[in-house]
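Just below is one structure, and these are the notes that go with it.
The values are calculated or read from the model by the stated rules, or taken from the named source; none is laboratory data. Worth saying up front: this structure is predicted, and the values here are computed from it rather than measured. Don't worry about glycine lacking a Cβ; one is built from the backbone with ideal geometry, like all the others, and counts go over all protein chains shown. All accessible areas refer to the heavy atoms of the entire protein, side chains included, with ligands and DNA or RNA removed. Shrake-Rupley method; radii C 1.70, N 1.55, O 1.52, S 1.80 Å.
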Amino acid sequence: MIEFSQHCPVLMTITLIIGGALTPIVSISRKKFSFWWAFFVSLLAFFFCSCAVWRLYTMGPISYWLSGWEPPYGIEVYFDYVSTITFLMTALGILVIVYSKRYILHDISEEKLPTYYTLVLLILGGMVGFSVTGDMFNLYVFLEILSLSGYALIAITEEKLNAMASFKYLVMGSVSSVSVLLGVALLYNVTGTLNMADIALRLQQFGPTTAVYVALVLFIIGFSVKAALFPVHAWLPDAHALAPSPVSALLSGLVIKIGIVGMLRVLYCVYKLGGPVDFTSVTNFMGWLAAVTVLVGAFFAFFQDDIKMIFAYSSISNIGYILMGISLVSFTQPERGYLGMMGGLVHVFNHAIIKSTLFLCAGALIYKTGFRKLSDLRGIGKKMPITCGVLTIAALSIAGIPPTAGFICKWYIILGTIEFGKPIFAVALLLGAMLVFAYYIKIINALFFREPNESITEVDEAPLSMLVPIIILAIGCLVMGIFAYLPLAVIRPAAATMLGLPSTYLPLGG
Amino acid sequence: MEVYSIRPLLAPMISIVCAILIFWRGDNTFLRRSLSISASIIKWIVVFSMLPGSLAGKIYVTQLVPFTPGISILLRVDALGMFFGMVSSTLWVITTIYAIGYMEGEHARKRFFAFFALCVSTTVGIAFAGNMFTLFVFYEMLTVCTYPLVIHEETPEAMKAGRKYLVYTLTGGSFILFATALTFSLSGTVSFSQPGILSINSGVGILAVLFAMFMLGFGVKSAIMPLHGWLPSAMVAPTPVSSLLHAVAVVKAGVFGITRVTYNIFGVSLLKEMASKGINVAYILMWAAMITIICGSLMALMQDNLKKRLAYSTISQLSYIVLGVSLLTPDGAAGGIVHIVNQAFMKITMFFVAGAIYKKTHKKNISEMHGIGHKMPITMATFTVASLGMMGLPPTAGFISKWYLCLGALDAGQIIAVVVLLISSFLNAAYFLPIVYRAYFVKPPDGDVTTDEAHWTLLLPCVICSLYVIALGLFADLPFVPLALVREAVKQFFVL
Amino acid sequence: MNDLTELFNKLFVNFNYIVAATLFVIGLYTVIAKSNLIKKFMGLNIIETSVFLFIVSSGAIVGGKAPIIGEGVSSKTAFVNPIPQALILTGIVVAMSTTAVALSLMIKLYEQCGTLNADKLKELK
């Protein structure tokens, strides 16, 4: 078992990517078979991931050398506490695939089913690979795999608006990928290695030079675009709102987190922002960027009528929360940044769950009624009580109302800002949360408390294959909030290692 | 002495289960009614089973999930919590009976009763919360659960009131969240303890800011001026909602929070120490309360809509409690806290009467209520009792609170507070007695004086509550009445 | 005067980097300034090319041999670092796939909107 679990991080990546590539072949005679194939592949990947996570928490991080070549010469796959997010990715992948079974035929023809599932598996594979690799160049390659699948998934419906949104995303995404690549190249030129742990070691030995700083800026630019931070967020609303709903759930729930995972990997594991080197100006800048992103996202969401557009803008705001949490690091006293870091990391998980719930619920509404504007969807809550009830739970959760998942991060980030001595960020966050709640209450009002739209007749509850995933996710929203110690137990060592603290570190009051 | 027990958890869970069952099977009228009533009675029994222990100084504790190192969701029933839990669970039974009668023929009753149960559940949660964090969790849940009740009518006016309510209370909630985090950061804990968890070493300035944050947060629900704007507009809700939530649960949750912060987070000695260093936050709070008492009464005078007048009267009366708490003397605190129950029973009687009148005659304005006492003599009699209580005449419950408040004010050397209380009594008389006068001594315009009472489900709660108002006044010193519990609580606060 | 010579010397020695930087700026200009989507994308390709040039030239050594031990090459001979080349091969593949996706998107857009002008597409929205 131990021997086997060591291979799991690689196995899950390979399973997803090869499984994705094989989808068109296995479903050549029966297009609908592609669903079962994708379902099977994602289950397999989830199983591998569970094994890897189990090993991580019993025996510590897994360092796997591809074909046995020792790093820094060979490529290293490194499954550490940050890689736990792959668990979420594979789990969410299964739910999204199950959800797609009925939904996706609403948006694309049966002919294209294999293409769709190929892309879904590839995007999952790209994200999983991105999160487990210990090699800088692999980071770039996986980034491109998942980005390209993302562009294609947005445009899969062949609507012209989708093609435009996808193109916008593609241009900005390519620029960001290029800047990541340039950053990797610069670091390689300075240190002569591509292995992350090795680069980190050498950077500390030599101290930062101009090229290292330039590379840092390039990484921040690159990952900011992927994470849709202000002011490079412009691609997100259209792309996330127009994509088919399960794809929106993947994009908003996971793909934008890739920007954050990238930052954690590069800025915290390689550059050691939270560690011994003084990068205070960088983290300060990131903090302010986060505060502005929170407010800008929340502000623009306010003017939307399209239900998915609201969710898309709120994603921008939430990415701001996460960045705010992880930017509260101080190089002299790493423990001061612990609570904020934990809040940010928890929100990576919680926001993924909440936002996919929201998008999948919105998808169920669109699937059943054909409407996507709030003004058209009014009064639907009486006809689709489960979908709307789940949507309400998720909406309360994202607004940070206790005891739901969203509250945990709000609490920790606020605590973190206070501990860090920057309460002004907490004000931005609370203001953002208020604005968020204001527009989510607008949604709840429209769904439940307004005169039903007469043109919606004979609408009943969504099919089971759509209800089951959203109910599971809604339970996730509640469980992650009420039993917060479960995710926290997983995330605490991650936060500690990000800051260079021992993984058993306990914060104040502990 | 702390005793581990499942009962503090059981009490809120009963109403949550009840709410879920109503959501599930609430379309059946009989099932919905029997569920509501039986849940409220079971809960009442559970809460009261802890009363003897509580009076003997026992503290019942249920540790729920650990939230994180240092914080857990903790239910802990001390004397003050027991007191508030008792008030809300008792009133839930009465209001449920009333609501069943009142909501007859209204729309969306399933939703109404389910959220009604949820609200009571969260209120009991607030009462039993063992630390600031748990209190905040239930406090925010209460805000959310009340929203569907406030906008029950779904009219534009109701929606507007609901929006206003949310904006006020959630902003307040944000303040509390920030303050709670700050408290945790300063002291490393958020548990309620005697005599408080903060220490003067944190710096007087930051403590004052913290206190102000808490007061701004809880002040919204306790409707301290100028944070009271939501309360009068929220009166568009159906009467049972106004009565239980806006005279009892929601507003009292705010006052309860202020009491907790003052005595269990800061503590008497720390506040006095801060005063000696030049920042007397309790004194500022006292002035805010006094201004609210007077202004609330004056604004009540100007209202013609009966429910609006009651709302402003609530604003004024709530500040009695805040005033009592801010005096920082044992008698003042006792007067303030006991006013939670006294005011609750008096105000709920009045709301019940207003609802009964509306249900029977569809009259909302006082100027239309000529001779209503001839048509509904029993109803108006209960209203009269409650009015007398509000003025603080013996032997009603109101007298007890005023007596202790005045004693406390004199102890603290605040003659001005005594004067304010007296002026307020006159103002209370000025806005309640005309209603009584008009009801009994002005002939109805149509000259019809045949007795025509509201349905018994509406009448019975009025009668019970008004009898209770008198009983609370007459038997204030018996061992099993609320005052005994309040004495126990005050004894803990002041370490007597 | 000496300083200037030195500067020119430096520039000349690093001319590969200068070309890369110039290409980068040209590409960036094209992406931002041109409204035709194909031109925009060509700009992006130029940027990518500039980065590739930068990386691949950083591993080069004047007079270096291929790192294969054989005739006239021993472990002591100067050889060209193969890793940047390997990276760039991958990079070119990635860039090509991006271009393919972009072009197919543009075909879709042109079929449906009849134009590839970014400003006109905005109006069509």
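Before moving on, here are some points about what is shown:
- Dividing the mean sequence gap of close Cα pairs (under 8 Å, 6+ apart) by how many residues chain B holds gives a relative contact order of 15 percent.
- Cα-based Rg / Dmax (Å) for region B:258-339: 14.5, 47
- Neighbours of B:ILE20, meaning other residues whose beta-carbon lies under 14 angstrom from its beta-carbon, give a summed charge of +4 when Lys and Arg score +1 and Asp and Glu score -1.
- Ellipsoid fit via the Cα gyration tensor, chain C: semi-axes of 40, 22, 6 Å, each the root of five times an eigenvalue, largest first.
- Per residue solvent-accessible surface (Å²) - region A:391-468, probe of 1.4 Å: 30
- FRET efficiency for the C:ILE61 to A:PHE483 pair, using the beta carbon distance and R₀ = 56 Å, is estimated at 0.40.
- Chain-alone versus full-assembly comparison, region B:176-209, residues with accessible loss of at least 30 Å² (1.4 Å probe): B:LEU177, B:PHE178, B:ALA181, B:PHE184, B:SER185
- Net +/- balance of residues flanking B:VAL77 in space, Cβ distance below 9 Å, scoring K and R +1, D and E -1: +2
- Aspartates and glutamates whose Cα lies under 15 Å from that of A:LYS308, excluding same-chain neighbours fewer than 8 positions away: A:ASP238, A:ASP376
- Only protein heavy atoms count here; on that basis, with a 1.4 Å probe, B:HIS455 has an accessible area of about 110 Å².
- Residues B:ILE41 and B:GLU453, FRET efficiency given R0 of 22 Å [Cβ-Cβ distance, rounded to 0.05]: 0.30
- Segment B:THR171-B:SER276, length gained on full extension (0.36 nm per residue, minus Cα span): 34.6 nm
- Debye-sum result for region B:284-496 in log10 I(q)/I(0), which assumes one identical scatterer on each alpha carbon, at q = 0.07, 0.09, 0.12, 0.13 Å⁻¹: -0.22, -0.35, -0.61, -0.70
- Note that chain B shows a convex hull volume over its alpha carbon atoms of 126 Å³ per residue.
- DSSP beta bridge pairing in region B:1-117, given as percent antiparallel to the nearest 5: 65
- Kirkwood estimate for region A:279-510, i.e. one over the average of 1/r between Cα atoms, Å: 18.1
- Counting only alpha carbon atoms, the long axis of helix B:377-391 and the longest principal axis of chain B meet at about 30°.
- Summing both sides, the accessible surface hidden between A and C at a 1.4 Å probe radius is close to 2700 Å².
- The protein assembly as shown - share of DSSP beta bridges that are antiparallel (%, nearest 5): 80
- Over all pairs of different C-alpha atoms in region B:223-372, the reciprocal of the mean inverse distance, the Kirkwood hydrodynamic radius, equals 16.1 Å.
- At least 24 Å along the helix axis (C-alpha) and Kyte average at least 0.0, DSSP helices within chain C: C:15-33, C:37-58, C:82-113
- Accessible area in the full protein assembly, largest first, 1.4 Å probe, for A:ASP376, B:ASP446, A:ASP198: B:ASP446, A:ASP376, A:ASP198
- Cβ-Cβ distance of A:LEU44 and C:THR99, R₀ of 30 Å, FRET efficiency by 1/(1 + (r/R0)^6): the value works out to about 0.35.
- Ligands, DNA and RNA are left out, and with a 1.4 angstrom probe the accessible area of region B:379-466 is 44 Å² per residue.
- Helical contribution to [θ] at 222 nm, DSSP H n ≥ 4, -39,500 (n - 2.57), averaged over chain B, rounded to 500: -24000 deg cm²/dmol
- Chain A - Kirkwood radius from inverse mean 1/r over Cα pairs (Å): 22.6
- In terms of overall dimensions, the C-alpha atoms belonging to the protein assembly as shown reach 120, 67, 63 Å along their principal axes, ordered largest to smallest.
- When the alpha carbon gyration tensor of region B:400-496 is reduced to an equivalent ellipsoid, the three semi-axes, largest first, read 37, 22, 8 Å.
- Only protein heavy atoms count here; under a 1.4 Å probe, A:ARG372 has an accessible surface of about 70 Å².
- Accessible surface of chain B, 1.4 Å probe, proportion on carbon and sulfur as whole %: 69
- Net charge, B:TYR139 excluded, C-beta distance under 13 Å - Lys, Arg +1, Asp, Glu -1: +2
- Listed pairs A:LYS373/B:LYS359; B:LYS164/B:LYS252; A:LYS168/C:LYS10 exceeding 30 Å between Cα atoms: A:LYS373/B:LYS359; A:LYS168/C:LYS10
- Helix axis angle, A:464-482 relative to chain A longest principal axis, alpha carbon, degrees: 50
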